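The block underneath contains the structure these notes are about, expressed in structure tokens.
What follows draws every value from the coordinates through simple rules; no lab data is involved. Please read these numbers as outputs of a predicted model, since none were measured by experiment. Cβ coordinates were reconstructed from backbone atoms using ideal geometry, including for glycine residues, and neighbour counts include every protein chain displayed.
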Amino acid sequence: KIIKVHAPATVANMVCGFDILGFAVKEPYDEMWIRLTEQPGITIINKDDYQLPAEPEKNVAGAALLAMLEELTQPVGFELTIRKHIKPGSGVGSSAASSAGAVVAANTLLNGVFSKEDLVRFAMNGEKLASGVKHADNIAPCIYGGVTLIRSIHPLDIVALTAPPLFVTIVHPQIEVRTADARSILKKQVYLKDAIKQWGNIAGLVSGLLQSDYALIGRSLEDVLIEPVRSILIPGFNTVKQKSREAGALGGGISGSGPSIFMLSKDEATAIAVEKVMQDEYQQLGLDHHTYVTTIHSSGVEII
Ligand code: HSE
């Protein structure tokens, strides 16, 4: 028996919710296949040109599966084939898609012995391997779908939020920003006045999503803590953001730790106009880039 899954890209932070908010998008997604093997242990087959390691301990999907194996009483073997379409290092949850896709697929083979929360816990080991930190704001939306709030990591407390239809435009400028680096430059302390602004925005964003209040969502897409530090690493960031808003986007910012930038729009025509803004800016800067126009996707990893 072979299980095939699609593991979606995700946008972590959702501007103001550093490490606590994230959402899944419809495209791009990775394709993965898994089957049980007679030999216990994990075999990984990479079907792409990204030169990702095949040793399970060094591969994010392998690290997630190893964490799962530790909690199984009988020895099990998996063979996992991965075809990545989400470019590693692009800032749209490439490592999370590998880790989450692997554990959801494996759990399906095991007739669903583990809960979604267990799967998030296992997949976070992949994030630890990729960035040094067990953050769940890509993993949780990748498994639950839609917009998720990670209220707490210890103990794990994940809240799936309802959201109105939202179009997402993403641009990936071809520069390298490593999550570990993008985290190490952050200030460890914040001013109370900035914290007040930030939690006002987070509460506003969550309320806006639950009440389908697009104007409130737009007003709340502001980050006074992380973006001012990280945006310096992304050429064209301020122009893209400003011109996207002028083109009608509700707002947006850095996707995860970057370098991708995302913008949310109420309708598809605006999302396409925003794509043009992004393309024009990076063409002018002479920087290779890739864009997507997609939507927030209500389902996470899908069994095909
Ligand atoms: N919340 C994490 C960060 C996401 O911003 O560092 C990394 O993809």
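Overview of results
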read-out: Contacts under 8 angstrom Cβ, first residue in region 112-123 being within 17 Å of E302 (Cα to Cα), partner of a type in the set (S, T, Y), 6 or more apart; value: K116/Y144; A123/S99
read-out: I254 over 16 Å from F23 (Cα atoms) and of a type in the set (V, I, T); value: no
read-out: Residue within region 228-236 that is within 12 Å of the ligand (Cβ to nearest atom) and either within 15 Å of A12 (Cα to Cα) or touching a strand residue (DSSP E or B) at 6+ places or on another chain (Cβ under 7 Å) (or both) present; value: yes
read-out: Entirely in region 1-76, the strands (runs of 3 or more DSSP E) that have 1 or more residues that are under 18 Å from T179 (Cβ atoms) and in contact with a helix residue (DSSP H, G or I) (Cβ under 9 Å, 6 or more places away or on another chain); value: 2-12, 21-37
read-out: Inter-residue pairs, beta-carbon under 7 Å, first closer than 15 Å to A106 by Cα and in region 66-95, second buried (at least 17 other Cβ atoms within 10 Å of the Cβ) and small (G, A, S), 6+ apart; value: M68/A106; F78/A106; L80/A61; L80/A102; I82/A61; I82/S98
read-out: Sole residue being small (G, A, S) and more than 16 Å from the ligand (Cβ to nearest atom), chosen from A12, A61; value: A61
read-out: From V277, V190, V206, residue being crowded, with 16+ Cβ neighbours inside 10 Å, over 21 Å from the mean Cα position of the chain (by Cα) and not polar (S, T, N, Q); value: V277
